[in-house]
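The values are calculated or read from the model by the stated rules, or taken from the named source; none is laboratory data. Here the structure is a predicted model, which means the values were calculated and not measured. Glycine gets a Cβ as well: all are built from the backbone with ideal geometry, and neighbour counts include every protein chain shown. Only protein heavy atoms, including side chains, enter the accessible area calculation; ligands, DNA and RNA are left aside. Shrake-Rupley method; radii C 1.70, N 1.55, O 1.52, S 1.80 Å.
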Amino acid sequence: MDTFDWIVTGAKAAFLVVILLHVVPIMAWVERRGSALIQNRLGPNRVGPLGIFQSLADAVKFIFKEDPVPGHVEPFYYVLAPLVSLVPAFMTFGVIPFASSIQLGDRMIHFQVADLNVGLLYVFSIASLGVYGIIMAGWASNNKYSMLGSLRSSSQMISYEISMGLSVIGIVMVFSSVKLGDIATQQGELLTHFGPLLLPEALQFPRWGVFVQPVGFLIFLVSVFAETNRLPFDLPEGESEIIAGYHLEYGSMKFAMFMMAEYLNMFTASGLLATLYLGGWQLFPGMGYVLHEVQAYFQMSALAGDWTRIVFEVVSFGIKVGFFMWFFVWVRWTLPRFRYDQLMDLGWKVMLPLSLANILITSVFIFFGWV
Amino acid sequence: MLVKKKKGIFQEFYLVEILKGLYITFKNLFFARKVTLQYPEERRNYSERFRGVHYIKATNGVENCTACMLCPTVCPAECIHIEAGERADKEKYPIRFEIDVLRCCFCGMCEEACPKDAIKLSSIYEMSTTYREVYDKSFLLEQRGNK
Ligand code: SF4
Ligand code: SF4
């Protein structure tokens, strides 16, 4: 790596960190306003226009709150736990591409902090580190409710990580790569087959993961809810049963860190969903036409045209991620919490066999060259 | 007892039901009437009989109360304290009239018991303070509400 690479990577990382830091307050606001509107209330609407600065006020409150360490906890692990869950949440988004690439001189710049050749595996391995924070928090809190919360969390993670991983294998098989950049690029091609049927030219639509792997998409979507501890699978927190679960003993900024980790995990999960199943940065149908019109109208040079394309791609990726973020909130305020045995039933008796069957069927399809 | 309900294939397969639920919440999000009352600007209209902060009715600037002690007697919270005195024209009147509002349960018994129509409960309900308050006579003599 020379200086140029360092600068580019640094800039991309900085961009991403800024985005990630902004996601949390905005999502907190969306969550509160959204939940309120769904429940026929208004929600926080006083601080700033539409209450958008409410999260800032909350942040100030969190920072200035007293930060006690209760006497009965294990102080070292108690303080470490929020960090352990926050850091992996920040790390995962690095491999998700948020736009394609651009030619600058003789160099290619990929809009992805690190195009690891184990991309997908990296996401899974780092994302599952987050559960250590939760387990540590529960154990160090020395409180039975926290303990229950972290126990639930770990067993839930184990059960759903399996079906999550297996559901992604379908995608990996179809696109024969675990590099997220490759997967996103390949989704720009057209889908020529519908099962054994050859599609006519007019009916060909982009080869997005959701069309190639509909069952895999469903399994992944459901597992992601369990992985991020969101309702209907938020048993580790379960306010009504175990008060607040693993972060029961935490206050002020330490609590805020758990919350940030939750929202960042949501963001990464949305990014992953968009990249794997909705074509990542691929433009929406119709946007390509608009892009050409814009480029032609302003008579852009090749470079300016390329940058416009990048902007379009970032916007399109943003819309997809935003949709999933909203979907998380929307589902949270629609569905009640699962019972614990139902959760386990669903995980082991439905999702696991389904994802295995999905792999089998996908391999049959691939064998016959249908996808 | 666990009753096994008969479920159709669609209920068994959650997704359809989930989509229905999502549709309902989506409708609520945009089209439902919001019930929030934006308090300082909007206020709820309470009934005329609402029991709020006390006051003692005065006629021509003189309190109606004759310190008959009916209200401290009837008060279930025992929070009215009256020290009776005598005016120059031999009329009995309260020298001190205190209501320990922290103990008051706003039952309105005092209002009901009063033969002189003196103690009243107004319809004011904003009475939060930063200290423990005992309403004294001068405070009570401010005429709030017009019951
Ligand atoms: S309202 Fe009831 S409790 Fe309050 S002072 Fe009157 S009688 Fe006592
Ligand atoms: S009952 Fe009426 S008149 Fe008698 S002491 Fe109470 S307020 Fe005064």
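Annotations
- Any hit, the range A:27-35, residues being closer than 30 Å to residue A:6 by Cβ and surrounded by fewer than 19 Cβ atoms within 10 Å (Cβ to Cβ): no
- Residues of the range A:273-315 that turn out to be small (Gly, Ala, Ser) and touching a helix residue (DSSP H, G or I) at 6+ places or on another chain (Cβ under 6 Å), as a count: 3
- Test for residue B:17: is it away from ligand 2 (no atom under 16 Å from the Cβ) and acidic (Asp, Glu): yes
- Checking each residue in the range A:227-242 for being part of a helix (DSSP H, G or I) and closer than 12 Å to residue A:328 by Cβ picks out only A:227.
- Residues located in the range A:22-51, provided they are assigned to a loop (DSSP other than H, G, I, E, B) and either within 12 Å of chain B (Cβ to nearest Cβ) or modelled with pLDDT of 85 or more (or both): A:39, A:40, A:41, A:42, A:43, A:44, A:45, A:46
- The residue list A:356, A:335 contains one member that is buried (at least 17 other Cβ atoms within 10 Å of the Cβ) and aliphatic (A, V, I, L, M), which is A:335.
- Qualifying residue in the range A:7-15 (condition: under 28 Å from residue A:327 (Cβ atoms), surrounded by 15 or more Cβ atoms within 10 Å (Cβ to Cβ) and more than 14 Å from chain B (Cβ to nearest Cβ)): yes
- Qualifying positions in the range A:268-297 - among the aromatic types (Phe, Trp, Tyr) and surrounded by fewer than 24 Cβ atoms within 10 Å (Cβ to Cβ): A:284, A:289, A:297
- Considering the range B:40-81, the residues that are among the acidic types (Asp, Glu) and in contact with a Pro (Cβ under 8 Å, 6 or more places away or on another chain) include one that is nearest to ligand 1 (Cβ to nearest atom), namely B:78.
- Of the residues screened, residue B:99 is one that is more than 30 Å from residue A:334 (Cα to Cα), among the aliphatic types (A, V, I, L, M), in contact with a Cys (Cβ under 9 Å, 6 or more places away or on another chain) and more than 14 Å from every other protein chain (Cβ to nearest Cβ).
- In summary, residue A:350 fulfils each of the numbered conditions (1) open to solvent by less than 70 Å² (accessible area, probe 1.4 Å); (2) in contact (Cβ under 8 Å) with a residue 40 or more places away in the chain; (3) within 14 Å of chain B (Cβ to nearest Cβ) with the single exception of condition (2).
- For the range A:191-211, the condition holds for no residue, the condition being that it is at pLDDT 75 or above, within 17 Å of the chain's Cα centre (by Cα) and among the charged types (D, E, K, R).
- Per-region count, the range A:324-371, residues assigned to a loop (DSSP other than H, G, I, E, B) and either acidic (Asp, Glu) or closer than 20 Å to residue B:15 by Cβ (or both): 7
- Residue that is nearest to residue A:246 (Cα to Cα), among those in the range A:89-113 that are in a helix (DSSP H, G or I) and in contact (Cβ under 8 Å) with a residue 60 or more places away in the chain: A:89
- Residue within the range A:204-226 that is more than 14 Å from every other protein chain (Cβ to nearest Cβ) and over 23 Å from residue A:358 (Cβ atoms) present: yes
- Take the conditions (1) in a helix (DSSP H, G or I); (2) touching a helix residue (DSSP H, G or I) at 6+ places or on another chain (Cβ under 8 Å); (3) of a type in the set (A, V, I, L, M); (4) more than 14 Å from chain B (Cβ to nearest Cβ); residue A:319 misses just one of them, which is (2).
- Qualifying residues in the range B:15-27 (those that are at the interface with chain A (Cβ under 8 Å from one of its Cβ atoms) and open to solvent by 50 Å² or more (accessible area, probe 1.4 Å)) - the one farthest from the chain's Cα centre (by Cα): B:15
- Taking the conditions (1) over 17 Å from residue A:177 (Cβ atoms); (2) open to solvent by 10 Å² or more (accessible area, probe 1.4 Å) in turn, residue A:137 satisfies each one other than (2).
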